[in-house]
Amino acid sequence: MKIKQTKNKPIKTTILVVGLLLGSSQLIAGEAHEHGTADLQMALEVEQLQIVFKSPAMNLLGFEHAPQSDEEKQVFAAVAEQLKSPSALIAPAGCDLVSMDVDMPEGAEDDHDEHGDEEHEHHHADISASYVYQCSESAPDITVTLGLMQTYPSMQHLRVAWVSDQFQGGMTLTPEDDQWIKLTH
Ligand SMILES: [Zn+2]
């Protein structure tokens, strides 16, 4: 009974987090939007690993409005590409990426010219991405190598939280720290 409860917890947590991220980026923006800081949440359930990354768009793009100049459009496209093939950013050893959901700032991916955003001086936007990996069940632990702060130097703090069948924890990484996290089942 006890074991079942600990096993159920990560699933609920993950669904809640993902639901919140996909539901409304504005909601999150009001809660925990802090330039220079990003969040990484990892949930390991038997052989399935789910990783949710969330950051103010500023850390990745250098701006938080829909891209307008050619240069901004190039940066936006490059960041979208990086998040869609994330092995240089997030690399869990021995795991295969099976699905992902990358959420760039709302409206920014379309070519619609929305002048409304320009009028809001304090408009903030988040970027989020969630990844599901299939990992080897026989491995006692999984080392997740991170290249996020190396790729995006504006990111000075990465709050990492993880939960597995038996363990949960968290820490804040800075660029000076070793850029990997070991997850234990
Ligand atoms: Zn912002």
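The values are calculated or read from the model by the stated rules, or taken from the named source; none is laboratory data. The model shown is predicted, which means the values in this text are computed figures rather than measured ones. Please note: Cβ atoms are built from the backbone with ideal geometry, for glycine as well, and neighbour counts cover all protein chains shown.
Here are some notes:
- Pairs are defined by a Cβ separation below 9 Å, a sequence spacing of at least 6 or placement on different chains, a first member in region 50-73 that is among the polar types (S, T, N, Q), and a second member that is in a loop (DSSP other than H, G, I, E, B) and within 16 Å of the ligand (Cβ to nearest atom); the pairs so defined are Ser55/Tyr152; Ser55/Met155; Asn59/His35; Asn59/Gly36; Asn59/Tyr152; Asn59/Ser154; Asn59/Met155; Asn59/Gln156.
- Residues in region 48-97 that are within 16 Å of the ligand (Cβ to nearest atom), in a helix (DSSP H, G or I) and of a type in the set (A, V, I, L, M, F, W, C) were compared, and the one that is surrounded by the most Cβ atoms within 10 Å (Cβ to Cβ) is Leu60.
- Tally of residues being more than 21 Å from Gly170 (Cα to Cα) and under 17 Å from the mean Cα position of the chain (by Cα) across region 128-150: 0
- Condition met for Val102 (in contact with a helix residue (DSSP H, G or I) (Cβ under 7 Å, 6 or more places away or on another chain) and buried (at least 17 other Cβ atoms within 10 Å of the Cβ)): yes
- Filter result for Glu31 (in a helix (DSSP H, G or I), within 13 Å of the ligand (Cβ to nearest atom), modelled with pLDDT of 50 or more and not aliphatic (A, V, I, L, M)): yes
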